[in-house]
1. Where in region B:276-339 are the helices (runs of 4 or more DSSP H), entirely inside, with at least 2 residues that are open to solvent by 40 Å² or more (accessible area, probe 1.4 Å) and hydrophobic (A, V, I, L, M, F, W, C)?
2. May I ask you to verify whether residue A:117 is more than 9 Å from chain B (Cβ to nearest Cβ), out of contact with any Lys or Arg (no Cβ under 9 Å at 6 or more places or on another chain) and not in a helix (DSSP H, G or I)?
3. For the subset of region A:140-153 comprising residues that are within 9 Å of chain B (Cβ to nearest Cβ) and in contact (Cβ under 8 Å) with a residue 24 or more places away in the chain, which member is nearest to residue A:102 (Cα to Cα)?
4. Yes or no: residue B:40 touching a residue at least 12 places away in the same chain (Cβ under 8 Å) and open to solvent by 50 Å² or more (accessible area, probe 1.4 Å)?
5. I'd like to verify a number: residues in region A:106-128 that are in contact (Cβ under 8 Å) with a residue 12 or more places away in the chain and over 20 Å from residue B:346 (Cα atoms), how many?
6. Look at region B:208-236 and say how many of its residues are surrounded by 12 or more Cβ atoms within 10 Å (Cβ to Cβ) and assigned to a helix (DSSP H, G or I).
7. Let me confirm something: among B:81, B:86, which residue is closer than 30 Å to residue A:279 by Cβ, open to solvent by less than 60 Å² (accessible area, probe 1.4 Å) and away from chain A (no Cβ under 14 Å)?
8. So, residue A:156, is that one touching a residue at least 24 places away in the same chain (Cβ under 8 Å) and either open to solvent by 30 Å² or more (accessible area, probe 1.4 Å) or part of a loop (DSSP other than H, G, I, E, B) (or both) or not?
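The values are calculated or read from the model by the stated rules, or taken from the named source; none is laboratory data. In this text the structure is predicted, and so the values were computed from the model without any measurement. Cβ placement follows ideal geometry from the backbone for every residue including glycine, while neighbour counts extend to all protein chains displayed. For the accessible areas, the whole protein counts, side chains as well, though only heavy atoms, and no ligand, DNA or RNA atoms are used. Shrake-Rupley method; radii C 1.70, N 1.55, O 1.52, S 1.80 Å.
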Amino acid sequence: MSAVTQSAPTRVPATAAPRAQLRPGRVVVYALLVLASVVFLIPVYMVLVTSFKSIDQVSLSTMWQFPTAFTLESFQRAFERLSPNLLNSVFLVVPATIGSAIIGSLNGYVLSKWQFRGANIIFPLMLFGMFIPYQSILIPLVQFLNSIHLFGNLWGLILVHIVYGIPITTLIFRNYYAEVPTEMLEAGAIDGAGFFGLYRHIVLPISAPGFVVVIIWQFTQIWNEFLFGVTIAQNTPVITVALQNLAGSQIVEWNVQMAGAFLAAIPTLLVYVLLGRYFIRGLLAGSIKG
Amino acid sequence: MPRINRDRLTAVLMLTPSIILVAVFVYGFIAWTGWTSLTDTTSNTLISGQSANYIGEENYAELFSRALDKRFRADLVNTVFFTMMFIIACLGVGLGLAILLDQKVKGENTFRTIFLFPMALSFVVTGVVWRWLFNPTNGINSLPTVIGLPAGTFFWHISDEKLFTFFWQDLPAIFGIILLGVVVFFALRSWAHKQSMLAALLGALALLTMAWLSFGNPSSLIAIARPEEHSFRPALLALVLAAGWQMSGYTMAMYLAGLRGVSEELREAARVDGATELGVYRHVILPLLAPITLSAMIILGHISLKIFDLVYTMGGGDNLYIDMPGMYMYMLSFRGTDVAKGAGIATIMLVMVAVVIVPYLVTQLRSEKSL
């Protein structure tokens, strides 16, 4: 990342002639960007150098230094301890994500193409559900899950994530389907297709990008979630809860913790790096209009 | 067309389960929490199935005046300071990065990926990593030594320093002074706009506030007998740094989307009018970004009002210097036995978030309709 000096040859389009004089300015721009990148990557550097150390190499005085001998020992230890939790998170995330994507798609289809009286009131009331502090529903939620014997396990957590995912998935799909011209549906309706026929033959085939955005969003959110995990599924700790618990052990093995953090971060990071475009779309959808 | 009518019914029926789920799990449970906060529910009454007693606003009265619940009031103070610093940090860094990336730089995608990747992480991962970086002896405190400066000595999230110490009893006066400032500002503005009626009214209100501040003994509004000390905890800077690292990419993405919406013609027109590159930003582009700033403030604000994971990971519930209402609620209701008081805190948190979010939702959806 020594881009500071490489910044000189910038192509200057003919129309933007005045920009040619801004050369020193451009050096500053690149210098600032590189500096900011370095600062943003400090934690990544720390995770990497610490997690490749063995426990006897980890000390405060050498925490910034490269490991004297690279070892995968801490990854092994972290994986041993966290693999059941990684698995729990997978069992949680897959059904919860698929479930909330399907519900969101149908809801979005109804709210964008089958406007009915009262929808203008119901939709905002639904949306408010994605902003509430979940503390304000947590106590009854625990009692309710307890009474239907879903407390303490993954099924309860799956249900909770599907239910509280309804607002955001509905919002994203509603905005996505709003772009689909109504004429397309009208043409289908003339051919005799009903509610489900229109959905299956016209709406669903063009829904792939919407599904990608929603699935990525829900996957990231549910994987990273902590409050529900720590309160309603203690018997089956998900990865975030287990990672936090790693710190509770008597001797703080920083190398194992950093390796654990790395393992917990890898799935969402991979999704982000590979499908970042869709991730950002979900991100901006959270501010309603996007 | 009967066909369409039947389909319309199907559509409503398809939405009905979601409506019921949201009605029960969001609104029903909120009401239930609100009710719980008015009772003496403890984990014992819940487990034994005994019915709890209605005790009115007792829990709220305790939260705001009982000496033992000072922790809650300190949490509110922390929330206010943290929210302000967090929003300012994210807006500043996000806008700065967005403007830099807007300069038609090479490798824009790489830079953007670097600034945004923390958004893909869990607050728990962020907390675990920063906890290690914040260790006072050799963590980020030693970074200044890279350029030859002395190492920092700040204890970050475990610092017990205090600044701006004030008394809880001062709060009515502080709010009064803020109100006075706002009223005077609007009075002067309406006067300048020649709305003399409004100006006179506001002026009278300002005089009333001043009279109340000087003769009304504002601190008598507080029901705590002994002066109760509160302060800004610099330890919160650790939370701001970690949370800002994670979230400023988000504001950057919002601002960048906004900057991309400013047409090149508009910029060119301003340049032709003799504006410098800096002037184009100050006078043309930044005003256009104002709505984005407002949206970002509200989204960030509601995140910081309910922050929990990061506090849990970095403080574990014992570090009161960085404590927040969400954390105390969890400790009371799920680690302790005072479920009802936890419900009270949860209700207060909901009200704080609603005050920010409801007007936002209403205006967003209304402007959407007018499009």
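1. Hits in region B:276-339: B:290-305.
2. Yes, satisfied.
3. Restricting to residues being within 9 Å of chain B (Cβ to nearest Cβ) and in contact (Cβ under 8 Å) with a residue 24 or more places away in the chain, the top hit is A:141.
4. Yes: the conditions hold for residue B:40.
5. Initially, region A:106-128 is screened for residues in contact (Cβ under 8 Å) with a residue 12 or more places away in the chain, giving A:106-109, A:111-114, A:123, A:126-128.
Now restrict to residues that are over 20 Å from residue B:346 (Cα atoms): A:106-109, A:111-114, A:123.
Of the residues in region A:106-128, 9 are in contact (Cβ under 8 Å) with a residue 12 or more places away in the chain and over 20 Å from residue B:346 (Cα atoms).
6. 9
7. B:86
8. Numbers: touching a residue at least 24 places away in the same chain (Cβ under 8 Å): yes; either open to solvent by 30 Å² or more (accessible area, probe 1.4 Å) or part of a loop (DSSP other than H, G, I, E, B) (or both): no.
No: the conditions fail for residue A:156.
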